[in-house]
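Worksheet: one structure, shown below.
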Amino acid sequence: MHKSHGASLGPPALLGVPFDANSSYLRGAALAPPLIRQALKCDASNSWTETGINLESPGLYHDAGDLELDGEDGFGLIDPGVQAVLAREMRPLCLGGDHSITFPILTALARHFHDITIVHFDAHPDLYADYEGNPNSHASPFARIMENKLAKRLIQIGIRTLNGHQKQQAAQFGAELFEMKKLPPSDYLKTWCPVYISFDMDALDPAFAPGVSHREPGGLTVREAVHYLHAITGPIVGADVVEYNPVRDVSGLTATVAAKILKELLGVMVRERHSSGETPKC
Ligand SMILES: [Mn+2]
């Protein structure tokens with residue numbers, strides 16, 4: 001595949017990334033991928049997105065299964081695992097796993113796409129230079145991504161844990177950081193550049209999504225998050241849903257919410273394949 005601005009986007013491919021060895025506080029996120037899939041296919045709901053797409057239409061998306069990652073060494077296997085999906089001309093939609101996986105995912109994607117805009121939903125900016133000495137910590141992926149120039153823009157939404165160091169990092173990297181106390185209008189997410197969406201489940205208020213390692217009250221409602229997802233104009237070259245921690249969940253609630261986010265993400269990722277086919281300029 002040549003570097004492109006999304007001229008020939010293949011179908012999304014679900015890729016489980018069961019990795020949580022870079023979590024700083026609690027493990028458990030590695031257990032998430034099969035539970036999110038199970039909730040997506042649960043008979044309690046139908047297969048239509050709110051945008052009117054039936055996800056059961058044949059060939060609409062693929063499931064590339066879960067990466068086989070063995071403990072801490074598994075981190076190095078994520079980039080080649082994502083690369084394998086891209087080599088099949090599919091767009092990775094990764095199910096974490098902790099947020100550290102976004103750096104190797106972007107490393108693979110940046111070989112194929114220029115000028116990526118990242119839309120990042122999170123309670124945390126994840127911009128630490130390192131966290132407790134670990135540069136690959138789940139608190140640091142966006143520092144690594146921006147240092148390595150793997151993205152052109154970083155739009156962060158839902159932040160409510162900003163400290164002095166990360167404020168400085170955000171300024172240094174030119175991050176467009178929106179705290180919960182001042183969210184942007186959804187039109188802010190309109191761009192023609194290739195978009196990567198990184199969705200940390202703790203962006204949502206723990207009232208909606210208690211199954212996360214770092215519960216941070218005062219977050220987005222599910223409705224607000226879905227509204228933002230629908231507002232993204234694409235072309236969406238990849239995405240992730242990370243930090244669902246089943247060990248912390250209550251009655252499978254967060255799995256259902258993660259599946260809802262995944263469902264609407266799939267809906268917006270396949271949207272442009274159903275549109276006029278024009279290739280907008282970035
Ligand atoms: Mn977070």
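The values are calculated or read from the model by the stated rules, or taken from the named source; none is laboratory data. Source: prediction; values computed, not measured. Note: ideal-geometry Cβ built from the backbone for every residue, glycine included; neighbour counts use all protein chains shown. We work out accessible area using only protein heavy atoms, side chains counted, and drop any ligands, DNA or RNA first. Shrake-Rupley method; radii C 1.70, N 1.55, O 1.52, S 1.80 Å.
For this structure, a couple of remarks:
- Dipole size of the chain about its Cα centre, with +1 on Lys/Arg Cβ and -1 on Asp/Glu Cβ: approximately 780 debye, rounded to the nearest 20.
- Probe 1.4 Å, accessible area per residue of the chain, Å²: 40 Å²
- Net charge of the neighbourhood of Leu31, taken over other residues with C-beta under 14 Å away and scored Lys/Arg +1, Asp/Glu -1, is -2.
- Of the residues Ala32, Val257, Thr221, the one whose Cα sits farthest toward the positive end of the charge dipole of the chain, with +1 on the Cβ of Lys and Arg and -1 on the Cβ of Asp and Glu, is Thr221.
- Shown for the stretch 40-155 is the translational diffusion coefficient from the Stokes-Einstein equation, using the Kirkwood radius over Cα pairs, a temperature of 20 °C and a viscosity of 1.002 mPa s: 134 µm²/s.
- The stretch 107-243, dipole about Cα centre (Lys/Arg Cβ +1, Asp/Glu Cβ -1), debye to the nearest 20: 360 debye
- Set of the stretch 143-158 residues, backbone N closer than 12 Å to the point 7 Å along the Cα-Cβ line of Lys190: none
- Number of Lys pairs (Cα under 20 Å; 8 or more positions apart or on different chains) in the chain: 13
- Förster radius 41 Å - calculated FRET efficiency between Gln168 and Ala87 (Cβ-Cβ, nearest 0.05): 0.60
- Bridges between two residues of the stretch 5-146, per DSSP, are antiparallel at a rate of about 20%.
- Accessible surface of the chain, 1.4 Å probe, proportion on carbon and sulfur as whole %: 52 percent
- Judged by the ratio a/c of the largest to the smallest principal axis of the C-alpha gyration tensor, the stretch 18-105 counts as oblate, that ratio being 1.5 or greater while a/b is no larger than b/c.
- Chain lengthening between Asp130 and Ser47 when straightened (0.36 nm per residue, less Cα-Cα): 25.8 nm
- Cα-derived Rg to Rh of the chain, Kirkwood definition: 0.92
- As a ratio to 2.2 N^0.38 Å, the alpha-carbon radius of gyration computed for the stretch 130-282 takes the value 1.07.
- Within the listed set Tyr188, Tyr131, Tyr61, the residue fluctuating most in the Gaussian network model of the chain (springs between alpha-carbon atoms under 10 angstrom) is Tyr188.
- Computed magnitude of the charge dipole of the stretch 46-175 (debye, nearest 20; Cβ of K, R +1, Cβ of D, E -1): 740 debye
- Take every Cα pair under 8 Å whose residues are at least 6 apart in sequence, average their separation, divide by the length of the stretch 123-202, and the relative contact order is 29 percent.
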